[in-house]
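To start, the structure itself, in structure tokens.
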Amino acid sequence: MTNKNKALTALVLGSAAAVSIAMINKYIQVSATSRNLLEDPESLCYKWRLGNIHYTKSGNGKPLLLIHDLTSSSSGYEWNAMLSSLKEHYTIYNIDLLGCGRSEKPNMTYTNYLYVQLISDFIKSVIGRRTDVMACGGSASIALMACSSNSELFDQLILINPDSLLTCSQVPGKSAKLYKFILDMPILGTLIYHISTSRQALRETFTIEYFENPFSVKGTMIDAYYEAAHLGESPKSIYSSVTCNYTKCNIVNALKKIDNSIYLIGSSSIGGMKERLEEFKRYNPSIETAFLKKGKYLPHMECPDEVLNLMKTYLY
């Protein structure tokens, strides 16, 4: 076989492989979203400048904005187990961040500053008054930075298992930038993303990282997260931005500046959580902390009553 024929054969085989992978990617996306588990008849839309934002509003009383964890599979679904109790005391705004859940997912790089602007604009345009905010994990830094920039929009902050200050301060290195470049590829990057957000991968994340008791993980939770991870134009964009540290931000100066009440809730089952929260208090001694004896990374899903009992002493 001549070199020309070899090259032509390689090109044909490569093209066939690319077409096959593209078809697999399309099938995964369609099948993952076919059940419409996240559909909500009471869904509302905030037309933000970078994309439409899905949210729900329920209850009566002082406003409380719920901000889910910052992952490609997260959405307002995360707070469902607490909604019925919270809306007895609050007007609840349960938001899907840009790039997550049922909100639009434009193909772009997501940053902490982008989300700070989104949260601030949402409070100004939709809520229209000072609000309490409850956030989890990677979104805790967003709430803190937004409060530092526009303290007049916020009242109390309740942060569940926030990232450590060291994690927050990470920046994209050369390897992270290379990985993001690969993830942004339309065929290969999408395949890597689908592998990383498969049902099996999500189940392992729930049973190992999210929940203390693996038997508490329900199939409906996995299905809802799986659907959220595949909805929209470019669900992998938030994944690549978070994984490669583009959504991280050093929050030390913000912590020092904030005069608003901050309440940190940590799960005792997470190693080093006590030291993590104490580090927050070193930069802002007025911060209050409490620890959960049950649950792990997502205690508001695994043991919502435990979280609500802690909140009663602080908010009600």
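A few points about this structure:
- For a label point 7 Å along the Cα-to-beta-carbon line of Leu50, residues of segment 147-164 with backbone N under 15 Å: none
- Backbone N under 16 Å from the Lys177 label point (7 Å along Cα→Cβ), restricted to segment 231-253: 241, 244-247
- FRET efficiency estimate (nearest 0.05) - Cβ-Cβ, Arg282 to Lys57, R0 25 angstrom: 0.10
- For segment 34-133, the equivalent ellipsoid derived from the Cα gyration tensor has semi-axes of 21, 17, 12 Å, listed largest first.
- Ellipticity estimate at 222 nm from DSSP helix runs (n ≥ 4, -39,500 (n - 2.57)) divided over the chain, nearest 500: -13000 deg cm²/dmol
- Under-5 Å amide H pairs with Ser267, H placed in peptide plane, nonlocal only: Asn161, Leu292
- For Asn52, the residues 5 or more places off, or on other chains, whose built amide H falls under 5 Å of its own are Glu104.
- Whole-Å semi-axes of the ellipsoid equivalent to segment 74-129 (Cα gyration tensor, √5λ, descending): 23, 16, 8
- Integer Hz, Karplus 6.51/-1.76/1.60 couplings in order for segment 48-55, x for Gly and Pro: 7, 5, 9, x, 6, 10, 7, 7
- Gain upon complete extension [Leu308, Ile187; 0.36 nm per residue less C-alpha separation]: 39.2 nm
- Compactness relative to 2.2 N^0.38 Å, alpha carbon Rg of segment 91-240: 1.13
- When the chain is reduced to its Cα atoms, the Kirkwood hydrodynamic radius in Å: 20.5 Å
- Accessible area (Å², per residue) of the chain, counting only protein heavy atoms and a probe of 1.4 Å: 46 Å²
- For Phe154, nonlocal amide neighbours, meaning residues 5 or more places apart or on other chains whose placed amide H falls under 5 Å from its own, are Thr131.
- Computed in the context of the full set of protein chains, the accessible area of segment 183-271 at 1.4 Å probe radius has 55% of its extent on carbon or sulfur.
- Evaluating kT/(6 pi eta Rh) at 10 °C and 1.306 mPa s, with the Kirkwood radius of segment 220-316 over Cα pairs in the Stokes-Einstein relation, gives 99 µm² s⁻¹.
The values are calculated or read from the model by the stated rules, or taken from the named source; none is laboratory data. As the structure is a prediction and not an experimental result, all values here were calculated from the model. Cβ sites come from the backbone with ideal geometry, for glycine too, and all protein chains shown count toward neighbours. Each accessible area value is taken on the protein alone, full model and side chains, heavy atoms only, with ligands, DNA and RNA left out. Shrake-Rupley method; radii C 1.70, N 1.55, O 1.52, S 1.80 Å.
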